[in-house]
Protein chains: 2
Amino acid sequence: MERHVDQELGELNKDILKIGALTEEAIYKSVEALKNRDKEMAKNVIDNDTNIDKLELDVDEKCIDLIARYQPMAKDLRLITTGMKINSELERIADIAVDIAQRTLEIADKPLLKPLVDIPKLATVAQNMVKMAIDAFVKGDIVLAKKVLSSDSEADQLRNEIQRELVEDYMAKDSSTAPRAVQLLLIARFLERICDHTTNIAEDVIYMVQAEVVRHHPEKLKNGR
Amino acid sequence: MERHVDQELGELNKDILKIGALTEEAIYKSVEALKNRDKEMAKNVIDNDTNIDKLELDVDEKCIDLIARYQPMAKDLRLITTGMKINSELERIADIAVDIAQRTLEIADKPLLKPLVDIPKLATVAQNMVKMAIDAFVKGDIVLAKKVLSSDSEADQLRNEIQRELVEDYMAKDSSTAPRAVQLLLIARFLERICDHTTNIAEDVIYMVQAEVVRHHPEKLKNGR
């Protein structure tokens, strides 16, 4: 027989999927706006953020309410507290999409530094990591969570390469590129910060699943997080 | 008569104060290292971060354990979940101090861009905000929490001014300054991100206190967060 709490925990998963979908959309649109110098789309990302903020507060409130009503133990409690953390990570990722949209508005009227270096590539890596991290939580999938962690070095490398190129090939050679190059450099760092948030999610998922495994089979303890 | 849970909640406050003190120290040292081009001190900040990470995990674990053992309602539950959030914010602030220390190592051997612009001033603002935010939580002090929120515009202004100066007065005039100026620009943004984390803490404190007020006196509901 399904417990009533299971139904509500299922709702929590749906809420996380929903805030996750909105967050993914925000990242996608912020980078599209940058590529196409589309100010309307950038503004749209900024405007929509209040919805995500509101949703985050609702989910947080629901989690506290779930704990208060069901007084869950062990596995369920950990699922809820992990859900609260992931909810907060996703809201921050959406905030970073707003940062990207704001930088985009700053440079939308200036000539584009031709190739946007590897920013679109880094954006794809970031979006995939967000998707995988949410999936790992919903499925309680440690293997997928570890895949998120191992993707982070690719993101770091891309970010370093973008930064090197912007500083050495643009700013240091032609100082007139500095204002635009700085904005792109910030955008690259924003994207890499999104990746960092996804590794927080992945670590929380691993911790959630392993703590449970450990509780029942202490011999299975890996190296934690 | 003091409840046993009150004693443990007192312990939680002490833990938050401890991780807060270590975090403040990390920020202070990372900026001193920058000012004095002290590589040893920068490395010390980086090395000490594992202690803060460990402490954060311990506190998080304690909070979940508290919930599981006492099944607290309303006020106590909200205090614990807020404590979990603040614990996580502080750990991230400490991570940013590591970021600053790493940037410092990058430029410690290069000639200093003379005035470090307003970075030391921004660092002082950031440190004060961290102190106030932790205090606001421990005392449940909404007035202090709101003071943190109002300080954030000063931090934003300083960050913008630093960025403008680095881009326009350095990079755009003398492209050879670009590599160093970029590191300083990143450090200014790191400091401003620390301030953002303190506003998260302040918002959590306001939410914690007001939700409680509202529960008993709904007419007192201010505009929430």
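Taking the listed residues B:LYS121, B:LYS131, the one that is in contact with a Gly (Cβ under 9 Å, 6 or more places away or on another chain), in a helix (DSSP H, G or I) and not β-branched (Val, Ile, Thr) is B:LYS131, with no other qualifying. Of the residues making up region A:204-213, just one is buried (at least 19 other Cβ atoms within 10 Å of the Cβ) and of a type in the set (Asp, Glu), namely A:ASP204. Consider region A:173-187 and keep the residues that are buried (at least 24 other Cβ atoms within 10 Å of the Cβ) and small (Gly, Ala, Ser). The one that is farthest from the other protein chains (Cβ to nearest Cβ) is A:ALA181. As for region A:62-78, it holds no residue that is closer than 19 Å to A:ALA126 by Cβ and of a type in the set (A, V, I, L, M).
Kindly check whether there is at least one residue in region B:105-122 that is under 15 Å from the mean Cα position of the chain (by Cα) and surrounded by 19 or more Cβ atoms within 10 Å (Cβ to Cβ). Yes, region B:105-122 contains a residue that is under 15 Å from the mean Cα position of the chain (by Cα) and surrounded by 19 or more Cβ atoms within 10 Å (Cβ to Cβ). Criterion first (closer than 28 Å to B:ALA145 by Cα, crowded, with 18+ Cβ neighbours inside 10 Å and within 13 Å of chain A (Cβ to nearest Cβ)) does B:LEU57 satisfy it? No, not satisfied.
Here B:ALA26 fulfils each of the conditions (1) away from chain A (no Cβ under 14 Å); (2) surrounded by fewer than 22 Cβ atoms within 10 Å (Cβ to Cβ) apart from (2). Here are some residues: A:ILE162, A:ILE93. Which one is in a helix (DSSP H, G or I), surrounded by 20 or more Cβ atoms within 10 Å (Cβ to Cβ) and modelled with pLDDT of 95 or more? Unique residue meeting the criteria: A:ILE93.
Among the residues of region A:5-23, those identified as touching a Phe, Trp or Tyr at 6+ places or on another chain (Cβ under 8 Å) and either over 28 Å from A:ILE96 (Cα atoms) or loosely packed, with under 15 Cβ neighbours inside 10 Å (or both) are A:VAL5, A:GLU8.
For region B:123-161, a tally of residues being in contact with a helix residue (DSSP H, G or I) (Cβ under 8 Å, 6 or more places away or on another chain) and polar (S, T, N, Q) returns 3.
Quick check on B:LYS29: is it out of contact with any Gly (no Cβ under 8 Å at 6 or more places or on another chain) and under 25 Å from B:ILE187 (Cα atoms)? So B:LYS29 fits the description; yes. Checking each residue of region A:78-90 against the condition of being surrounded by 22 or more Cβ atoms within 10 Å (Cβ to Cβ), within 13 Å of chain B (Cβ to nearest Cβ) and closer than 17 Å to A:LEU185 by Cβ gives no match. Just so you know, in region B:66-75 the residues that are within 10 Å of chain A (Cβ to nearest Cβ) and assigned to a helix (DSSP H, G or I) include one that is modelled with the lowest pLDDT, and it is B:ALA74. On the basis of being assigned to a helix (DSSP H, G or I), closer than 30 Å to A:ALA181 by Cβ and charged (D, E, K, R), does A:GLU56 make the cut? Considered against the rule, which asks whether it is assigned to a helix (DSSP H, G or I), closer than 30 Å to A:ALA181 by Cβ and charged (D, E, K, R), A:GLU56 comes out as no.
The values are calculated or read from the model by the stated rules, or taken from the named source; none is laboratory data. Not measured: the values here are computed from a predicted model. With ideal geometry, Cβ positions are generated from the backbone for all residues, glycine too; neighbour counts draw on all protein chains shown.
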